[in-house]
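The values are calculated or read from the model by the stated rules, or taken from the named source; none is laboratory data. These figures come from a predicted structure and were not determined experimentally. As a convention, Cβ positions derive from the backbone with ideal geometry for all residues, glycine included, and neighbour counts pool all protein chains shown. To get the accessible areas, we keep the full protein, side chains included, count just its heavy atoms, and leave off ligands, DNA and RNA. Shrake-Rupley method; radii C 1.70, N 1.55, O 1.52, S 1.80 Å.
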Amino acid sequence: MTAAAVPAPGAFRKCGATGLLVHSRAEWLIKLNAVTAVVALLIGASAALLLVLTRWQAVHLLPAVWYYRLLGVHGMNMLIFFIIYFEMAVLWFAGTVLLNSRPAAPRFGFFNFGLMVVGSLLILWMQFSGKADVLFTSYPPLKADPIYYLGIILFAVGGLCVVGQYFATLVIARREKTYVGSQPLVVYGATTAAIIAVVTLLHGALVYIPTFLWSVGLIPAVDPEVYRLLWWALGHSSQQINVAAMVAIWYMLGGLTVGAVVLNEKVSRSAFVLYILFISMASAHHLLVDPGFGPAWKIVNTSYFMYMAVLASMVHGFTVPAGMELGMRLRGFTDGLFGWLRRAPWGDPGFSALVLSVVVFGFFGGITGVTIGTEQINILAHNTLRIPGHFHATVVSGTAMAFMGATYYLLPLIFQRKVAFWKVARIQPYLFAGGMLMVEMGMTFAGSFGVPRRHWDISFSQAAFDVQFNPVVDLFLALMGIGGILAVTGALAFILIAVKSVFLGEKVTEFPRGSAIAGIPQGLTNPPVHAANVDEINEQLHAPSRGWMGATPGTVVLVGVFFLAFILYYFTNWKLLSFLWKIG
Amino acid sequence: MLTKVHTGLEPVPGVWWKPAHKAEKIWVAVAFVWCMILFAMMPLWHWKGGQNPSGVRRRVDPKAFYARTVAFANQYKVGEDKGLPIVAPPAGADVYVTALTFQWYPILKLERGKEYTLHLSSLDVNHGFSLFPINVNFQVVPGYDYGLRVTPTATGDFRILCNEFCGIGHHTMVGRVIVVDEAGRTVSDNAAAAVGQGGQP
């Protein structure tokens, strides 16, 4: 039975670049979710600009009420709307396009999309009308209008149903034999994200349904500590959906841009399984200095049961660059340790976004995250600007950057449009990543001096007692402010490119091999295909005579540098902790 | 023996459970050992280290906790600043601070090198205890009493910032902790916090 024989004929088109079959309904679902994600990004980025210009104390733009209000709007649009709509698009893409399959119940998919949009609009309505000034976390007893909680519940139900449809699509693809063998690794990663999403969204139901009932007066109270536990099982675990989706995209972009190979399926897939098993314990990262939990609980949970999820990320941190290195070496770029990097397609925004995402996520987001998520070191970091400094490195520089890189390939592949403003697109990843890195460094350093997060006025002009931060803090906040302006410029450039391409872009269905066309990433017109005798070359590269660094010596050096930075940062923080008052 | 060369976008035919390459194995082993070290550091610090967020933790009625704080403040009151009592408990005492929108009640006067059990809780919503400028941070949750054994190691005039959003006046919420030496002097070795603002302790 062939794939095209099952649904209505003509429902599929064959992709001009990859030869994959694309179902028209699935294509629509991908498009709708991706466009909505970009709209959310626009709202979130606009809020980001105003917020960063307020936290930059020398500018201090917004009044207090609007600072806190837009902080909630920013969190919702970036962490929930932008990322989850994009992930819905990723699920539809991985489940159908990469497996040559038809989508399960596409009409139900449109309905669920509608449900999520209605939920989003209710949330935004409440936030902008000042009926939900509870920030993103809405810790009770702070109380928002019931419609706000209802909006979140609708959004989550819609998302959960799409995840269910993704699993159904996997069953269809397997039953209709649309592919031979095991799922591609990228799909495996997307499946990991989907499984974590189920766990996450169920916690969302556990926390928001009682809170909704409390807000309408049907139950008397919500325990603030239980809420924090369950809310973060949603709030942090949902970031692990992002991690899994991001790593899947790393493998995808690696394959598309430089012909990155999978070194070993066993290692990469086992790492994804570690995510599924342990990553939901991360709720504890937010509760390390809370009164509700004892040391044993904190240690076991904050470490994902002995850092097994960290192990997984460190494994991907090796296999992704090593796969790229090997892919390049197999194609003849074998000179020296880093010839493969030097001769990589740095002008391809899909590639530069991939590398920037891997590097900043690993070096900055990963190292700071493990360090401040240590039970005792958290005393130095909890609720300071170090926290947003960390998670902007993971969620923005990591996930959002990877999503942007993927978009540069999805525009020609799915929307069948050339990437507009190609020259801007080629530098956009550098602008965005550079700006974000400044934001993250400014926040992290300022936070190290105790500057709180979520705070309108650290000059404390209206407070009973004076507080004067070390003057160097002003420098760090200026770094954050300037970086923020650059990063928002980068984000707006991305939005402009995406919108122009989708709605006014030049149609593209053919990808003539060997040509260089402005608006089409090089991976599509010059696909990084391997020679016919690639397996022989692979054997040679893996010859025992090449020593323990094997076929990927450049990556071995890079992870060595990473490891040293990790050790240094981690133990420096223990040293700083030892200077504090005695606390026990 | 090597896996057939393929990218992450291609389905994998046959059995993919194959031995990893040497460099990959080494990195997984190094990462695993590092993870064990990361894990061991936390129990180790409980055993050998001086800063742990353990404390004594119990549920408490917010109003009862506030009443206990007021009684404590009246018992050891030695002065007043900005309408708040300055409270100097004896070494080893149970010390109470209640967070409420938007103040920390009362002002504490502690002695360097002496241990106290500092009880933190909230009368209303979540607050964040952040001791300025030494940057010690704890979550303050209504309904939960967080009793931390603290020993100030330096004298000075400290502030308590609120670093958990607690309402639109959140950024005005600042409290005060004074640490004196054995002779009762606030020798300021704490340059960033201004000494002697408001009433003298």
Could you give the nm distance between label points at A:Lys582 and B:Asn74, where each point is 7 Å from its Cα heading toward the beta carbon? 3.3 nm
Could you work out [θ]222 nm for the protein assembly as shown from helices alone, using -39500 (n - 2.57) per DSSP H run of at least four and dividing by all its residues? Round to the nearest 500 deg cm²/dmol. -17000 deg cm²/dmol
Cα centre as origin, Lys/Arg/Asp/Glu Cβ charges: the protein assembly as shown dipole, Debye: 1340 debye
Identify, among B:His171, B:Ser122, B:Gln103, the residue whose Cα sits farthest towards the positive end of the charge dipole of the range B:56-180, taking +1 on the Cβ of Lys and Arg and -1 on the Cβ of Asp and Glu, with the dipole about the Cα centre. B:Ser122
Relative contact order of chain B, pairs being alpha-carbon contacts under 8 Å that are 6 or more residues apart, as %: 19 percent
Taking beta carbons within 10 Å but only from partner chains, what does the mean come to for residues A:496-504? 0
Counting only C-alpha contacts under 8 Å and six or more residues apart, can you give the relative contact order of chain A as a whole percent? 15 percent
Stretched fully, the stretch from A:Val300 through A:Val198 gains (0.36 nm per residue minus C-alpha distance, one decimal, in nm) 34.5 nm
Express the carbon and sulfur contribution to the solvent-accessible surface of the range A:20-181 as a percent, rounded to the nearest whole number, probe 1.4 angstrom. 75 percent
Between rounded, prolate and oblate, where does the range B:56-180 land on the alpha carbon gyration tensor, with a ≥ b ≥ c its root eigenvalues, rounded for a/c under 1.5, else prolate if a/b exceeds b/c? rounded
Counting lysine pairs in chain A that sit 8 or more positions apart or on different chains, with Cα atoms under 28 Å apart, gives 19
Selection from A:Gly332, A:Phe364, A:Ser352 lying farthest towards where the dipole of the range A:324-379 points positive, charges on Cβ: A:Gly332
Between the alpha carbon centres of the range A:475-520 and the range A:233-264 the gap in Å comes to 21 Å
What's the magnitude of the charge dipole for the range A:20-181 around its Cα centre, counting Lys and Arg as +1 and Asp and Glu as -1 at the beta-carbon? Answer in Debye, nearest 20. 320 debye
The B/A contact buries a total accessible area, at probe radius 1.4 Å and rounded to the nearest 100 Å², of 9200 Å²
Could you state the angle between the C-alpha long axis of helix A:83-92 and the longest principal axis of the C-alpha atoms of chain A, as a value from 0 to 90 degrees rounded to the nearest 10? 30 degrees
What is the range A:476-584 by shape, rounded, prolate or oblate, if you read a ≥ b ≥ c off the alpha carbon gyration tensor as root eigenvalues and call it rounded for a/c under 1.5, prolate for a/b larger than b/c, and oblate otherwise? oblate
Classify the protein assembly as shown: rounded, prolate or oblate, from the alpha-carbon gyration tensor (a ≥ b ≥ c, eigenvalue square roots; a/c under 1.5 rounded; otherwise prolate if a/b is larger than b/c)? prolate
Against the longest principal axis of chain A, how steep is helix A:401-413, in degrees 0 to 90 to the nearest 10, with axes from Cα atoms? 40 degrees
Nearest 10 degrees is fine. How inclined is helix A:472-504 to the longest principal axis of chain A, computing both from alpha carbons? 40 degrees
Determine the per residue accessible area of the range A:543-584 with all protein chains present and a 1.4 angstrom probe, expressed in square angstrom. 50 Å²
For the range A:20-181, what's the relative contact order in percent, using C-alpha pairs closer than 8 Å and at least 6 residues apart? 29 percent
Write out the chymotrypsin sites (Phe, Trp or Tyr not before Pro) in the range B:12-42 meeting two conditions: DSSP loop, and at most 15 other Cβ atoms within 10 Å of their Cβ. B:Trp17
Roughly how far apart, in whole Å, are the Cα centres of the range A:307-376 and the range B:44-83? 47 Å
Near the amide H of B:Arg176, under 5 Å away, which other amide H atoms are found, from residues 5 or more places off or on another chain, if H is placed in the peptide plane? B:Leu108, B:Ile160
